[in-house]
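Reading through the structure tokens given below for one structure.
The values are calculated or read from the model by the stated rules, or taken from the named source; none is laboratory data. This structure is a prediction, so every number in the text was calculated from the model and none was measured. Cβ placement follows ideal geometry from the backbone for every residue including glycine, while neighbour counts extend to all protein chains displayed. With ligands, DNA and RNA removed, areas are computed over all heavy atoms of the protein, side chains included. Shrake-Rupley method; radii C 1.70, N 1.55, O 1.52, S 1.80 Å.
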Amino acid sequence: MESGFGMKPYPTEDTPKSARFWIRGSGAMRVADRIWDTKNGDGSHKLVIFQVASISRFDANDFLERSRNGRIVFAGDSIGRNQWESLICMLAQGVSNYSTIYEEHGNPITKHKGSLSIKFQEYNLTVQYYRVPYIVVIDRPPHNAPEEVREGHYFQEKEYVNMTMSVLEAFQRSLNTLKLWVATNLEKKVSSAATHLYTTGKGGEWNKGGTCNMSREPETDYSKLGPEPPNNIMIYEVVEQMKSAMRTINFLNITYLTEFRKDGHPSSNREPGTPADAPEDCSHWCLPGVPDTWNELLYAELLRMKFRTRTTGR
């Protein structure tokens, strides 16, 4: 089934000439005007969908103008940085003088592991990235810590080191902390959250021989796509709780549509100087590539929410 969005069929009572599809978890729907049932060489059937009503085309000038005198923040792990880099490149297309785009603290974007802040001077806009995996502080144990602590992954609650807490439980607690912070500190303006499922490739984890260099096309077999990951369910529940606290916040779930793009990873095509025996990169994404789609959807969602329009002023 080919639609360009990676969607699942959504059953309706419409005639066969129209069909609805949905992006799981996002609430977004598209309507196809025409469906052709074609037969492959092996006798199997394939539905080819044409003239799908698409989302609004990304408009860098409009996005920049709506964000004038503002601040866009990406807080998360290196996948969040992947999306941050993508948005910077996309927004740069709306700037006439590239010299007015710069890192505020003079930091290089490549090979930099800390926080970064890109200034779009013409619009007095900053697009920032903060590295906070699991949305909590990650640090190394002190040198005098017991050996069992130094050799494992544990979580500290105030002065107490919890030796039994699972990663999922720790993630749930970090989300609850975020919820309390939002309720206390965040102004009642538009916010948006996006998440992505970690991809390991075939043959194991990224550091245990996992590979993805044989993928040349998007996935077409729905049975090979994983179920909704538990961390997404946790995020959704917390976001709903924040909505009930009168905060404008959305959960834009891009996991499912991203899973189709198994061909979009850097894989063994690493930057110059990478050791020949380095593991393949099957978690991040090539640019231009999949993160651009995430930002196109983000822009479309902001338009739907009437972000900073003349009528709402948000």
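Computed extension length for Ser99-Ile135: 9.7 nm, one decimal, from 0.36 nm per residue of separation with the Cα-Cα distance subtracted. Counting protein heavy atoms only, the stretch 87-155 has 52 percent of its accessible area on carbon and sulfur, 1.4 angstrom probe. For the stretch 227-293, the solvent-accessible area with a 1.4 angstrom probe is 48 square angstrom per residue.
Assuming R0 = 22 Å, can you tell me the calculated FRET efficiency for the pair Thr184 and Tyr236, based on Cβ-Cβ distance, to the nearest 0.05? The pair Thr184/Tyr236 has a calculated efficiency of 0.50. Projecting label points 7 angstrom from Cα along Cα→Cβ for Asn162 and Glu122 puts them 4.8 nm apart. To the nearest 0.05, what FRET efficiency results for Ser56 and Cys89 with a Förster distance of 25 Å applied to their C-beta separation? Computed FRET efficiency for Ser56 and Cys89 comes out at 0.85. For the stretch 116-158, the solvent-accessible area works out to 74 Å² per residue, with a probe of 1.4 Å and every protein chain left in place.
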